[in-house]
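Only one structure is covered here, and it is reproduced in the block below.
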Amino acid sequence: MSAQALTHAMLEEAELLDELIDLVTEQREAVKDDDRELMQDLMKDVQDVFFSIQTKEAQRTRLAESLAAALGCEPRLSALAAAISDGERALFRGAGDRLGHVVFALKSEMAVLISLIERNERYSAMLLSEWRRLNAGFTRAGGLDFRG
């Protein structure tokens, strides 16, 4: 088991997370544009990428645990970095930092999308409630007479 394999797995996972960020950003724009067809396509794409991320994350976890067992340390970035050779350490830490930054960026992008969706949901509920109230008023009053 080598630190190089784990470094590579972290970088691959970061690439997949970057792809997911792009899709979430596109979803946000689709919500703003009320593009239902695009949103449905993006939801399928998100599912596909998310499945790939889960697979890569499981691989990364196995590699980290295996490397940690071989080095006699915990399967955490800081512990593994301290235990590997100086030549591999900089690339290893860089891959870990990149992965951490991408996860943070994804969380931020998802928070924006969720906020937008929740805001749209509140506006829709408010409008629906108002139209139901108005409709009930028209019904009680016998409706509107549009005859001249």
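Specify which of the listed residues (Arg60, Arg36) is among the basic types (Lys, Arg) and closer than 20 Å to Ala3 by Cβ. Can you show your working first?
Details: Arg36 fails: closer than 20 Å to Ala3 by Cβ.
Every option except Arg60 fails the conditions.
Could we say that Glu74 is open to solvent by 70 Å² or more (accessible area, probe 1.4 Å), of a type outside the set (Val, Ile, Thr) and not in a helix (DSSP H, G or I) here? Write out each step before concluding.
Values: open to solvent by 70 Å² or more (accessible area, probe 1.4 Å): yes; of a type outside the set (Val, Ile, Thr): yes; not in a helix (DSSP H, G or I): yes.
Yes; evaluated as a whole, the condition is true for this residue.
Name every residue in the stretch 18-32 that is without any contact (Cβ under 8 Å) to a residue 40 or more places away in the chain and either touching a helix residue (DSSP H, G or I) at 6+ places or on another chain (Cβ under 8 Å) or outside any helix (DSSP H, G or I) (or both), in order of residue number.
Glu19, Leu23, Glu26, Ala30 - these are the residues of the stretch 18-32 that are without any contact (Cβ under 8 Å) to a residue 40 or more places away in the chain and either touching a helix residue (DSSP H, G or I) at 6+ places or on another chain (Cβ under 8 Å) or outside any helix (DSSP H, G or I) (or both).
Quick one: would you say Glu12 is modelled with pLDDT of 95 or more and open to solvent by 70 Å² or more (accessible area, probe 1.4 Å)?
Details: modelled with pLDDT of 95 or more: yes; open to solvent by 70 Å² or more (accessible area, probe 1.4 Å): no.
Taking the combined requirement at face value, the residue does not satisfy it.
Looking for something closer than 30 Å to Ile84 by Cβ, open to solvent by 40 Å² or more (accessible area, probe 1.4 Å), of a type in the set (Asp, Glu) and assigned to a helix (DSSP H, G or I) - is there at least one such residue anywhere in the stretch 46-54?
No, that holds for no residue.
If Ala79 satisfies every condition in (1) open to solvent by 40 Å² or more (accessible area, probe 1.4 Å); (2) touching a helix residue (DSSP H, G or I) at 6+ places or on another chain (Cβ under 9 Å) but one, which is the exception?
(1) is the only condition that Ala79 fails.
Going through Glu37, Glu26, Glu88, Glu121 one at a time, which residue ends up being open to solvent by 60 Å² or more (accessible area, probe 1.4 Å), over 16 Å from Ala14 (Cβ atoms) and at pLDDT below 90? Spell out the reasoning first.
Details: Glu37 fails: at pLDDT below 90; Glu26 fails: at pLDDT below 90; Glu88 fails: at pLDDT below 90.
Unique residue meeting the criteria: Glu121.
The values are calculated or read from the model by the stated rules, or taken from the named source; none is laboratory data. All figures in this text were calculated on a predicted structure; none of them were measured in a lab. Every residue, glycine among them, receives a Cβ derived from its backbone with ideal geometry; neighbour counts consider all protein chains shown. Surface accessibility is based on the protein's heavy atoms, side chains included, excluding ligands, DNA and RNA. Shrake-Rupley method; radii C 1.70, N 1.55, O 1.52, S 1.80 Å.
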